[in-house]
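*Asks:* Take a look at this one; I'll ask things after.
The values are calculated or read from the model by the stated rules, or taken from the named source; none is laboratory data. The structure displayed is predicted, hence computed values, not measured ones. As a convention, Cβ positions derive from the backbone with ideal geometry for all residues, glycine included, and neighbour counts pool all protein chains shown. Remember, those area values only see protein heavy atoms, side chains included, never the ligands or the DNA or RNA. Shrake-Rupley method; radii C 1.70, N 1.55, O 1.52, S 1.80 Å.
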Amino acid sequence: MKTITILFLSLFITSSVFSQAEYEPNNQNPFGLPNPEAPEEIKDYQPLIGICDCKSIRRNAEGEWTEPIEMSWEFKYILNGMAIQDQTLKEDGVHSGSIRQFDIENSTWNVHYFTSGKQPANLPSWQGGMQDGDIVLYRSQKSPNGNEGKYKITFSEISEEGFNWLGQWVSLDGSVKYPTWKIECKKRKL
């Protein structure tokens, strides 16, 4: 009887632990899977899941575009398929990543960004969602000369083959747009 009880408890604990992590990255699904209990918007990032080889180009202090920097950008499901995590590895040694969670109550993505270049006490965050097939995110930010505005991030031309990314400062009325960073990504074939 004791052996049967131990066997039953082992099976119960194993199945409970597995069900808590069945959508996490594993050998069969290296980037995880979307949890069917997650908000439908979890699929906004579906074409980005995996690894892309990218070229990152930023503006320097003089306003000129710099030479492209090679980088990889990986997206995967985390929190048992309830959120998205991404990570960039750049040849210049400044790496970054984000945790992306959809807020059902406010119907918006909340994206918390971190980088190896800075370690702030509070992570900067962007909010937004899908707009005409693009993922668009905003964060309040003043321009270098002190004007009120927002930093706008746009994932565009999203497909199973890759995507483009643009970061730009935008005035509050939208009349001034100043791109500061662009990234072009092609999906790596695994």
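*Asks:* I need a count of the residues in segment 80-97 that are assigned to a strand (DSSP E or B), surrounded by fewer than 16 Cβ atoms within 10 Å (Cβ to Cβ) and among the acidic types (Asp, Glu).
*Replies:* Here is the first cut: in segment 80-97, the residues assigned to a strand (DSSP E or B) are 83-90, 96-97.
Within this subset, residues satisfying the condition of being surrounded by fewer than 16 Cβ atoms within 10 Å (Cβ to Cβ) are 87.
Filter once more, so that each one left must be among the acidic types (Asp, Glu): none.
Qualifying residue count, segment 80-97: 0.
*Asks:* Right, next: List pairs: first residue in segment 57-79 and under 21 Å from Cys185 (Cα atoms) and in a strand (DSSP E or B), second residue open to solvent by 70 Å² or more (accessible area, probe 1.4 Å) and polar (S, T, N, Q) anywhere in the structure, Cβ distance under 6 angstrom, at least six positions apart or on different chains.
*Replies:* Going by the 6 Å Cβ cut-off, the qualifying pairs are Glu74/Gln87.
*Asks:* Report the residue count in segment 142-171 for those that are over 20 Å from Lys187 (Cα atoms), exposed (fewer than 14 other Cβ atoms within 10 Å of the Cβ) and either modelled with pLDDT of 95 or more or among the acidic types (Asp, Glu) (or both).
*Replies:* 1
*Asks:* Residue check, Gln20 against (1) surrounded by 14 or more Cβ atoms within 10 Å (Cβ to Cβ); (2) modelled with pLDDT under 95; (3) polar (S, T, N, Q), all met but one. Which one?
*Replies:* (1)
*Asks:* In segment 23-42, how many residues are in a helix (DSSP H, G or I) and either modelled with pLDDT under 95 or in contact with a Cys (Cβ under 9 Å, 6 or more places away or on another chain) (or both)?
*Replies:* Adding up the residues that qualify gives 0.
*Asks:* Among the residues of segment 101-122, is there at least one that is among the small types (Gly, Ala, Ser) and surrounded by 17 or more Cβ atoms within 10 Å (Cβ to Cβ)?
*Replies:* Within segment 101-122, not a single residue is among the small types (Gly, Ala, Ser) and surrounded by 17 or more Cβ atoms within 10 Å (Cβ to Cβ).
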